[in-house]
Amino acid sequence: MGIINGQAVLKQLKADLIGKDSYRGVTLTYTWLANQFGHISLGFIPTILLYLILFHYRVTHHAAFYSALGISVTWLLFETYNFLGPLLLQKHSKSKVLFVPDKAYTFQPDWKNIAFDTITDLSFFWFGAVSASLLCGYAPGRMIILLVIVVALIYPCRYWYLTKMYLQVPQYPYQFRLAQWDHNLDDADRATIKQFIDGDENFHLFLFGARRCGKTSLGVGIATELSIKHQSAIYTTAMKLAPNFFESDQELLQDNANLWTWRDCGVLVIDDINPGDPVKPDPVSPTVFQQYIDTFVPENTANRQALAKLKTIWVMGSEDPEKTILVQWETMLHNIGVLPDKIISINLAAGG
C-alpha cells in the first residue's frame, strides 16, 4: 500500500515554500500553511494593537501580558462557540454565524477530528499572541509558554500536513467530507458504508442510481474519510483508468504528482462507469472493461490480482429496477477473482 515518507514530505514542503502560486497553482498543503500563518497573524496583530491602546492610556504595568491574555481568551471563546454549538446544543438552525445545519446529519461528523483541528487552530492563535507580547515586553514566563506551544504544535503540524498530502494526491474533483452528504439513506446502507470505512476487509462497493442522486459526492466523501485516516487513495474515471492498465508502475509514477499508482493504493474510486439514462448504450460495458484489465490478452493475471484486492468504490448510473447492469459488473468482478461476499452495493433513489 502506498505511503508518504519523509522524503516526499520534504519535497512537497520545498514546492510549497519556493515558487509562485500564480504560476503553479495552489495545493492543499500550501493552503494549510497559509491558513496557519493567517491564524498566527490573527493572534499577533490584535495583541499588538491592544497593547498600543493600553500603553496609550498609560496602562503599562503588565500591558503585554494582558494584551496576549485578552486576545487568547477571545479566540478561545469564539472557537468554543463555533465548535460546541452544533455538538452540544443538539438543535438545527439556518444561522450564518453559528454553523449548525438546518437538517439532521445523514452521517455524523467526526467530532474528534474536528476538535483536534480546533485545538490546532487555537494553538496557532496563541502562538501569535504570545509572540507579540514578547515583542512588546520580554518576560521569562511568557517565553516558557511560547516554547510549550511550539513543542505542542509539532505533532499537529506533522499530522495535518501529512493529511493534506493524503487528500491532494488522489486528485478528488472537489473537497467533500461524508458529513456534508445530505441525501436520504436508510440504516442498512449507512451500516454498509460504515463497514466499508472502518473494516479491514477490502470490499468492492457499487454506488448506483439516477442522475443527481449524490453518487459521486458519496463516493468522494467515503474515500475522503479514508484519506484522512492516511490511507492512500486514487480517484479516476473508467475511461481514464483504462489506459493505466497498459502502463507499468514506473511509467505511471513519472508524473511528479503521483506518489502511488492504482495497483498499490489502498482505496480506488472509479467514477463515471456509465452515465445511465438518458444516455444509451453505455460507453463502457463490463466485457470491454475486462478486456482493458487484461490488456487485450487472454488474461492479465497481475492486473486482475491488483484490482481484485483493492478496496474499490464503483460509481455508476442506473435506474434499472432489475439491477441487470449491476449483475453484469458483479459477474465481471467474479471473473477476475473477486469473491461474491466481497461485493456490496447501495442503490440511491433519484433525488434521495
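The values are calculated or read from the model by the stated rules, or taken from the named source; none is laboratory data. Remember, it's a predicted structure, so these values are computed and weren't measured experimentally. Here Cβ is always computed from backbone atoms with ideal geometry, including for glycine, and neighbour counts include all displayed protein chains. For accessibility, only protein heavy atoms count, side chains too; no ligands or nucleic acids. Shrake-Rupley method; radii C 1.70, N 1.55, O 1.52, S 1.80 Å.
Structure above, values below:
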read-out	value
Residue list for the range 39-51, filter: of a type outside the set (V, I, T) and closer than 17 Å to I149 by Cα	H39, S41, L42, G43, F44
Any chance A242 is touching a residue at least 60 places away in the same chain (Cβ under 8 Å) and out of contact with any Leu (no Cβ under 7 Å at 6 or more places or on another chain)	no
Cβ pairs under 9 Å, 6+ apart, first in the range 117-144 and closer than 19 Å to E79 by Cβ, second of a type in the set (D, E, K, R)	T118/E79; I119/E79; D121/E79; L122/E79; F125/E79; V130/R142
Which listed residue is farther than 22 Å from S131 by Cβ, modelled with pLDDT under 85 and assigned to a helix (DSSP H, G or I), from P86, P101	P86
Residue pairs meeting the criteria (Cβ under 6 Å; at least 6 apart or on separate chains; first within 17 Å of E247 (Cβ to Cβ), in the range 286-297; second open to solvent by less than 30 Å² (accessible area, probe 1.4 Å) and not polar (S, T, N, Q))	Y292/A242; Y292/F245; I293/F245; T295/F245
Failed item, numbered, when P156 is tested on (1) in a helix (DSSP H, G or I); (2) more than 27 Å from V338 (Cα to Cα); (3) more than 22 Å from the chain's Cα centre (by Cα); (4) touching a residue at least 12 places away in the same chain (Cβ under 8 Å)	(3)
Condition check for I144: under 30 Å from K11 (Cβ atoms), surrounded by fewer than 19 Cβ atoms within 10 Å (Cβ to Cβ), at pLDDT 90 or above and not polar (S, T, N, Q)	no
Subset of the range 182-205 [within 13 Å of D271 (Cα to Cα) and at pLDDT below 95]	none
Single residue of the range 205-223 satisfying the filter (open to solvent by 10 Å² or more (accessible area, probe 1.4 Å) and in a helix (DSSP H, G or I)) that is nearest to L185 (Cα to Cα)	K215
Hits in the range 281-328 (condition: open to solvent by 40 Å² or more (accessible area, probe 1.4 Å), in a helix (DSSP H, G or I) and either of a type in the set (K, R) or more than 16 Å from F208 (Cβ to Cβ) (or both))	T287, V288, Q291, Y292, T301, A302, Q305
Residues located in the range 192-210, provided they are closer than 16 Å to G221 by Cα and aromatic (F, W, Y)	F196, F206, F208
